[in-house]
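Remarks on the structure that follows.
All of the numbers you see were taken from the coordinates with simple rules; none came from a lab. Model, not experiment: these values are computed from the prediction. When we count neighbours, we look across all protein chains shown, and the Cβ atoms used for this are built from the backbone with ideal geometry, even at glycine.
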Amino acid sequence: MKLKVLNVDDDKMVLFIYEKMMGHADFSSHPKSFSNGYETLDYISEYKNEDTKFLIFLDVNMPNLDGWQFMDKLKSIGLTNYCHVLVVTSSIDLSDKEKSETYPVVIDFIEKPINIEKLNQLKQLKQLQPFFEN
């Protein structure tokens, strides 16, 4: 199975930093970046298959379609089996972390900023280990 990393954030600078950091950490050499959830849903719908799992770094606070609405749509159109979501936020509100735990597709809740050390820790998550074993 192949892992495709998708970064979803309305801040283009954050997306640029994620891409560079993921390359330096040998996390993903070709992550795809999206500035909104609608583009991401379209991409997943178009490229989903049984041999691919999408790992989505998802910002919670975005205009038009926030992270929670994105995950609701992911479920309603039947795409959750193809995805793992990492909720990424600058929010320190405990209710956001608790809310993320109500979504089975979420495998971790991450406070910004993401760094290389955190990316290396993510490789150890049981859901992600098979993609990083060499």
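Step through the residues of region 110-116 one at a time and calculate ³J(HN,Hα) from phi using the Karplus curve (6.51 cos²θ - 1.76 cosθ + 1.60, θ = phi - 60°), rounding each to whole Hz and writing x for Gly and Pro.
Karplus-based 3J(HN,Hα) across region 110-116 equals 10, 8, 5, x, 7, 10, 4 Hz.
How much length, in nm to one decimal, is gained on full extension between Q129 and K75, taken as 0.36 nm per residue of separation minus their Cα-Cα distance?
Working: separation 54, 0.36 × 54 = 19.44 nm, distance 2.41 nm.
Extending this stretch completely gives an extra 17.0 nm.
Mean separation of Cα pairs under 8 Å and 6+ residues apart, divided by the residue count of the chain: what relative contact order is that in percent? Before the final figure, lay out each step's value.
On the way: 194 pairs, mean separation 33.7, N = 134.
Reported as a whole number, the value is 25 percent.
Given R₀ = 35 Å, what would the calculated FRET efficiency be for K2 paired with N64, taking r from the Cβ atoms and rounding to 0.05?
On the way: r = 29 Å, r/R0 = 0.84.
My answer for the efficiency is 0.75.
With springs only between Cα atoms under 10 Å apart, run a GNM on the chain and tell me which of S76, S91, S33 wobbles the most.
Comparing S76, S91, S33 in the GNM, the peak value goes to S76.
In the calculated pair distance distribution of region 2-132, what percentage of Cα-Cα distances lie above 23 Å? Show your work: numbers first, answer last.
On the way: 2087 of 8515 pairs.
More than 23 Å apart: 25 percent of the Cα pairs in region 2-132.
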